[in-house]
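A short write-up of the structure that comes next.
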Amino acid sequence: MCGICGCSDENAVIQHEHDHEQVDTQAMPHHSHHAIIQVEMDLLTRNNQFASANRNYFWQKKITAINLMSSPGSGKTTLLARTISELKQQINMAVIVGDQQTDHDAQKLNAAGATAIQINTGKVCHLDAHAIGHTVEHLSLNNNAILFIENVGNLVCPALFDLGEAHRIVLLSVTEGDNKPLKYPDMFRKADLMVLTKLDLLPYVEFDTEQCIAYARRINPAIQILSLCATSGTGLNAWYEWLTEK
């Protein structure tokens, strides 16, 4: 999985930390704006090379990689824990978990019966394809397995970084506000599926479900929509059907 960079730092699998190239915009002249853009383009181009290698690996191994993205606290880990607990006898699943610090989510998923590996990104607000490529080397996944990638909680940066996944899912809890698709269009534009979570809280918050769906489809007319509550089980059958279809 390291045909591009050639690195072999196994410590990067569990505690993957890196810093983007930093540019002091206050100390540089105005024309350096072009240099900043070039750094960003180089970074994304490099990431896309790793993503392409990951995608080829997943295709060869018949692994369906699913990138789950959302704000912090949307319910990604809760949904995955219940999914794994209820489907682990039917589907081989594993999880790569991204957080800036701690392995709390990986512990919760392991307790649910998953093979879960934590990546701590430190100061970085997203997972990248390089980290994923290293981490999958530590997972034993057979044909028709699902690899969930639980990205760092953030509606901005993760949308920019292709990980080699087959599907992108954005989770949005009803506690966050129904205008999020308009405020963070890149995230919703690139998603295959939007999952509205925490439906049990609808009576207690101001959230217009139909308006949110309309906003999401304004940004991405092809986006699929599911609504559920992972704690009560409402809507989980539709979620499971979506997974088995993929």
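Every number in this text was worked out from the coordinates using simple rules, so none of it is lab data. These figures come from a predicted structure and were not determined experimentally. In this analysis, Cβ positions are derived from the backbone assuming ideal geometry, glycine residues included, and neighbour counts consider all displayed protein chains.
Dividing the convex hull volume of the alpha carbon atoms of the range 58-167 by its residue count gives 91 Å³ per residue. Computed extension length for residue 224-residue 49: 60.2 nm, one decimal, from 0.36 nm per residue of separation with the Cα-Cα distance subtracted.
I need 156, 170 ordered by Cβ neighbour count within 10 Å, fewest first.
156, 170
For the range 28-245, the Kirkwood estimate of hydrodynamic radius, built from reciprocal distances between every pair of different alpha carbons, is 18.0 Å. If you plug the beta carbon distance of residue 246 and residue 61 into 1/(1 + (r/R0)^6) with R0 = 22 Å, you get a FRET efficiency near 0.90.
Couplings 3J(HN,Hα) for the range 191-197, derived from phi with the Karplus relation 6.51 cos²θ - 1.76 cosθ + 1.60 (θ = phi - 60°), are 8, 7, 9, 10, 10, 7, 10 Hz, where x marks Gly and Pro.
In this simple spin-label approximation, residue 211 and residue 182 carry label points 7 Å from Cα along the Cα→Cβ vector, and these lie 0.8 nm apart. Maximal additional length on extending the residue 85-residue 200 stretch stands at 39.3 nm, based on 0.36 nm per residue less the C-alpha distance.
Report the Stokes-Einstein translational diffusion coefficient (µm² s⁻¹, integer) for the range 43-92, Rh taken as the Kirkwood radius over Cα pairs, at 4 °C with viscosity 1.567 mPa s.
97 µm²/s
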